[in-house]
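Presented below is the structure to which this report refers.
None of the figures in this text is laboratory data; all of them are computed from the coordinates on show. Please read these numbers as outputs of a predicted model, since none were measured by experiment. Backbone-built Cβ (ideal geometry, glycine too); neighbour counts: all protein chains shown.
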Amino acid sequence: MARYSDAVCRLCRREGQKLFLKGDRCFTDKCALERRAYPPGMHGQGRSKTSEYGQQLREKQKAKRYYGILESQFRGYYEMAVRRKGQTGENLLALCESRLDNTVYRLGFAMSRPEARQLVLHGHFTVNGSKVNIPSYLVKPGMVITLKESSRSLEKIKGNIEANSFRQPPKWLDYDRNTLTAKVVAMPQKEDIDLPIEEHLIVELYSK
């Protein structure tokens, strides 16, 4: 599957806010948005007011870039969200939040979602005792995510766990720091998602 391979800092500049795609770098003065707080490109500093459609499009692009999802898969999540009970926008964010790579990031095993995606691809985690190396795998209530025993001595993962020891996992995850195991106890709710996404704009865009 194709992935975005250009400089990810351009994505933050295009959305006008930090998407935290580079881990620790996003919190330093090396962050591209700190140095050039305007969209990339030759017309970046002269762009005019955004239309209603433009606002809806930007919100969709922002959500996709937060979670590292391409258009076809994101559209698939939207169609799944429509079929579920409840608010479509909230269902959409819950599906994105339930991805295994995002779950690994939320648990503090990685400093960014792209790094979490790489850890999952390399097979460092099991779900219900079976190795899963698919970042888009959707976890559900009752599932147990565990860092493999053979991966616990890796310096990078150990460093991430220590650096993120102050972070509290969201309420939908019951995390045991001693066993490095987490159980999904519920589906993510709107209040559990700390991303500045106006999901109703995405629904309006796809509803046209």
Tabulate in residue order the Karplus-calculated ³J(HN,Hα) for the range 174-187, using 6.51 cos²θ - 1.76 cosθ + 1.60 with θ = phi - 60°, rounded to whole Hz; enter x for Gly and Pro. 9, 9, 9, 5, 6, 9, 6, 10, 10, 10, 7, 9, 6, 6
Can you find, among 74, 110, 120, the residue sitting farthest towards the positive end of the charge dipole of the range 45-131, where Lys and Arg contribute +1 and Asp and Glu -1 at Cβ? 74
Testing the spin-label approximation: label points 7 Å from Cα along Cα→Cβ at residue 163 and residue 49. State their distance in nm. 4.2
In nm, to one decimal, how far is the residue 186 label point from the residue 79 one, both placed 7 Å along Cα→Cβ? 3.1
Where in the range 135-208 are there chymotrypsin sites (Phe, Trp or Tyr not before Pro) that are in a DSSP coil and have at most 14 other Cβ atoms within 10 angstrom of their Cβ? 166
When Lys and Arg each count +1 and Asp and Glu each count -1, what net charge do the other residues less than 12 Å away from residue 199, Cβ to Cβ, add up to? -2
Describe numerically, in nm with one decimal, the distance between label points set 7 Å from Cα along Cα→Cβ at residue 57 and at residue 132. 3.5
Unsatisfied cross-links (Cα-Cα over 22 Å) in the set 85/190; 62/85; 64/190; 131/156: 62/85
Taking 126, 50 and counting other C-beta atoms within 10 Å, the order from fewest to most: 50, 126
Percent of C-alpha pairs per 10 Å bin, the range 99-186, short to long: 19, 60, 21, 0
